[in-house]
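The values are calculated or read from the model by the stated rules, or taken from the named source; none is laboratory data. Keep in mind that this is a model prediction, so the values were computed, not measured. Virtual Cβ from ideal backbone geometry, glycine too; neighbours counted across all protein chains shown.
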Amino acid sequence: MARSNDEVAALFAEYADLISITGGDAFKARAYEKAARAIGGHHAELSGLDAKGLQEIPGVGRSVAEKVVEYFRDGSVSAVEELRAKIPAGVRRLTAVPGLGPKKAHVLYEELGIASVELADAVHAERLRDLKGFGPRTEERILHGIDLLRSAGGRVLIDVAMDTAETIVGALSGVTGCRRCAYAGSLRRVRETVGDLDVLVAAEDSAPVMRAFTELPYVAEVIAHGPTKTSVRTSEGLAVDLRVVRPQSWGAALQYFTGSRAHNIRTRELAVRQGLKLSEYGLFDAESGELVVSETEEDVYARLGLPWIPPTLREDRGEIEAGLRGGLPDLVTEDDIRGDLHTHTNLTDGLAPLEEMAAAAAERGYAYYAVTDHGPDMAMQRMTDERMLAQRERVRALDGRYGPGRGMRLLHGAELNIAPDGEVDWPAAFLAGFDLCVASVHSHFDQGREALTRRIVRACENPYVHVIGHPTTRIIGRRPAIDADLDAVFAACARTGTALEINAHPDRLDLRDEDILRAKRHGVKFAVDSDAHAVVHLANLRYGIGTAQRGWLTADDVINTWPLTRLRRFLRKRHGR
DNA sequence: GCCGTTTTCGGCCCGACTGTTTTCAGTCG
């Protein structure tokens with residue numbers, strides 16, 4: 001179940017769409033979009049606020065506040081219901097078809113009564129032929145868009161996007177005349193999924209780069225082709241936009257194409273208030289049109305009165321305000337990480353033996369590395385006390401080879417299974433032998449909110465559980481997060497000194513950024529772990545770090561950036577009670 | 001509908017590309 005904030009945000013986002021579709025005031029629609037964003041990102045539960053408290057949220061005025069109050073009182077908002085009665089939900093879904101916006105969707109509904117992807121039949125029946133604004137190319141685009149919508153479902157996981165982006169950047173960087181090349185967009189902001197790639201090139205002459213781009217072997221289709229922008233689709237179905245700008249515009253362009261859209265709106269507003277105009281070509285004097293700065297992102301932000309803002313913060317979640325008052329967090333980076341605290345070997349479901357995993361970890365320059373294979377409750381892993389103790393002997397022997405004094409200490413741990421009642425695999429006496437325990441939910445996801453919450457809180461209260469692994473157990477695009485009262489879990493973590501994992505596996509990224517922000521307010525500490533089941537997975541940590549940054553975390557918030565002595569204190573302290 | 005170093009009315013981010021236009025609206029990011 002969603003937080004009430006998310007419910008209300010979704011309601012206003014829908015209202016904004018309905019206003020656009022019915023041809024209402026575009027500024028009114030934008031005001032509701034803005035209110036939806038502000039409410040979705042607000043840290044406090046909306047249901048606890050009165051009209052006055054609501055209006056203190058920026059972007060929420062009298063009218064929005066009244067509708068929020070109405071929603072909590074009646075369970076619905078009459079203004080939204082009125083528009084819903086006029087416009088079937090299918091019309092709004094039509095705007096998800098690329099090339100169909102609110103205006104065309106509305107024309108289709110008003111003129112032909114079309115309110116679903118039955119639209120494809122209408123195109124084939126040539127019913128769109130007489131509509132104003134609809135030509136043969138529009139028909140083609142619509143059919144193509146419906147196909148894509150049906151097949152792909154849109155976004156790809158971040159590792160897929162990253163592989164493609166790094167390949168393209170590598171290829172274009174070698175083209176003659178290419179001065180700089182980088183990916184921007186949601187990938188640079190390290191969003192968990194990516195809808196399309198934005199690649200940026202600085203060159204005096206765009207033609208050679210554009211040509212090289214459309215001729216890349218994995219480009220399946222050229223969607224649009226112009227002197228400054230070319231859009232293609234790769235054979236994997238991923239859309240890639242390439243923009244070429246003059247080298248002197250690099251900073252402004254990189255800033256612009258990195259987004260997010262909401263962040264850009266805020267920076268442009270800042271510019272306007274100072275008599276400036278910000279575009280992808282630079283920061284200009286609004287009156288004379290003269291260029292002020294454009295060469296680096298730092299220049300652009302500095303002229304607006306801001307420090308350089310890391311891309312992972314650019315979501316209009318308070319980074320502008322924090323920057324203006326000099327209060328941006330000193331974000332955790334991959335270089336801060338001293339070790340990985342959740343990894344597997346082939347003793348359970350990993351692919352590589354202990355020695356190979358340890359060697360790869362040492363290669364990454366870690367100061368410590370925890371091996372945490374599954375306990376016996378994950379029955380298919382055939383774990384026994386004897387096997388686990390035998391592994392411990394091997395870990396201790398290997399530790400003699402890597403440390404002390406030789407760089408990396410090996411820690412022996414386990415990934416425990418949190419049973420439906422909150423118990424874990426072993427009794428206290430056996431657990432006491434581990435250096436560290438991660439505990440995770442692996443089954444019984446549908447227990448109900450109360451039982452799930454109790455279950456995880458109970459695991460936190462176990463003095464030998466140090467980290468809650470992949471706390472919501474979601475699999476992006478496949479399994480939703482469990483319906484637990486996360487605020488209660490966060491409070492329990494803070495109270496018991498249990499860290500929450502930021503699982504860096506690209507199909508988990510769990511906790512997610514918004515939950516991290518909330519957990520941090522509870523005073524929780526975090527562990528950014530790879531959950532590696534193979535040597536190559538260790539490098540996934542970068543995505544966990546990006547997610548931690550999106551949650552505004554500093555190195556001090558992340559226990560595996562700490563020196564080993566401080567980490568050991570964290571792992572020990574709850575045993576003394 | 002929101003908001004205020006352009007303050008209680010009159011703005012609201014900006015530009016590229018496409019298709020159907022004959023000067024521009026719609027869509028997208």
- Do we find that A:Ala115 is of a type in the set (Gly, Ala, Ser), more than 8 Å from DNA strand B (Cβ to nearest atom) and not in a helix (DSSP H, G or I) in this structure? yes
- Inspect the range A:467-478 for any residue being out of contact with any His (no Cβ under 8 Å at 6 or more places or on another chain), without any contact (Cβ under 8 Å) to a residue 24 or more places away in the chain and either of a type outside the set (Lys, Arg) or buried (at least 19 other Cβ atoms within 10 Å of the Cβ) (or both) and give the result as yes or no. no
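The rows are residues; the columns are (1) near DNA strand B (Cβ under 9 Å from one of its atoms); (2) in a strand (DSSP E or B); (3) out of contact with any Asp or Glu (no Cβ under 7 Å at 6 or more places or on another chain).
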position: A:Val201; (1), (2), (3): no, yes, yes
position: A:Asp205; (1), (2), (3): no, no, yes
position: A:Ile223; (1), (2), (3): yes, yes, yes
position: A:Arg233; (1), (2), (3): no, yes, no
position: A:Glu295; (1), (2), (3): no, no, yes
- Note on the structure: By residue number, the members of the range A:17-26 that are closer than 11 Å to A:Val80 by Cβ and either within 24 Å of the chain's Cα centre (by Cα) or among the charged types (D, E, K, R) (or both) are A:Asp17
- Might you check whether a residue that is away from DNA strand B (no atom under 14 Å from the Cβ), more than 24 Å from A:Ala224 (Cβ to Cβ), assigned by TED's automatic domain parsing to the domain that holds A:Thr138 and in contact with a Phe, Trp or Tyr (Cβ under 6 Å, 6 or more places away or on another chain) occurs anywhere in the range A:89-97? no
- the range A:56-76 residues that are closer than 16 Å to A:Arg3 by Cβ, paired with ones that are modelled with pLDDT under 90 and more than 7 Å from DNA strand B (Cβ to nearest atom) (beta carbon under 7 Å, 6 or more apart): A:Ile57/A:Ala38; A:Ile57/A:Ile39; A:Ile57/A:His42; A:Val68/A:Leu46; A:Phe72/A:Ser47
- Query: Among A:Arg129, A:Arg155, which is the only one that is closer than 18 Å to A:Ala220 by Cα, within 12 Å of DNA strand B (Cβ to nearest atom) and either surrounded by 14 or more Cβ atoms within 10 Å (Cβ to Cβ) or outside the structural domain of A:Val190 (by TED's automatic domain parsing) (or both)?
  - Reply: A:Arg155
- Task: Would you check if A:Leu108 is more than 28 Å from A:Ser63 (Cβ to Cβ) and within 11 Å of DNA strand B (Cβ to nearest atom)?
- Result: yes
- Task: Might you check whether a residue that is closer than 16 Å to A:Ala439 by Cα and more than 18 Å from the chain's Cα centre (by Cα) occurs anywhere in the range A:503-522?
- Result: no
- Only residues that are without any contact (Cβ under 8 Å) to a residue 60 or more places away in the chain, buried (at least 23 other Cβ atoms within 10 Å of the Cβ) and of a type in the set (A, V, I, L, M, F, W, C): list them for the range A:524-577, please. A:Val524, A:Phe526
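Per-residue answers, yes or no, for (1) surrounded by fewer than 21 Cβ atoms within 10 Å (Cβ to Cβ); (2) in contact with a Leu (Cβ under 8 Å, 6 or more places away or on another chain):
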{"site": "A:Leu389", "(1), (2)": "yes, no"}
{"site": "A:Arg392", "(1), (2)": "yes, no"}
{"site": "A:Arg406", "(1), (2)": "yes, no"}
{"site": "A:Val424", "(1), (2)": "no, yes"}
{"site": "A:Ser443", "(1), (2)": "yes, no"}
{"site": "A:Leu452", "(1), (2)": "no, no"}
